[in-house]
Amino acid sequence: MVNGGKMPVHIKCKETEALLIKKSETHQIFTEQTKYNFLCDRFYFPHSKYSMFFGGVFSIGDVFIDIGRIIAISFFVLNCLI
């Protein structure tokens, strides 16, 4: 399993670091040994829908997944209405 099965988080702010110091079971701090570093969580929004999952830390991959989810739901709804 890549990165020990944990999502790496790029430390850019003290809030993110404080969350990771609590020994998260799903996230770890980004290091030189991190593989696929372009997918690591880099963005921090304290007052977003992502706040409930891991303190508002998310990656560009999460954004793409949400866009795909919106497209899939829209496609399903439009096909059911026609």
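All of the numbers you see were taken from the coordinates with simple rules; none came from a lab. Just so it is clear, the structure is predicted and the values come from calculations on it, not from any experiment. Quick reminder, even Gly has a Cβ in these numbers, built from the backbone with ideal geometry, and neighbours come from all protein chains shown.
Backbone phi angles across the stretch 35-42, fed through the Karplus curve with coefficients 6.51, -1.76 and 1.60 (θ = phi - 60°), yield HN-Hα couplings of 9, 6, 5, 5, 9, 5, 5, 10 Hz in residue order; Gly and Pro are listed as x. Packing-based ranking of 30-40, 1-11, 67-77 yields 1-11, 30-40, 67-77, ordered from highest to lowest mean Cβ neighbour count within 10 Å.
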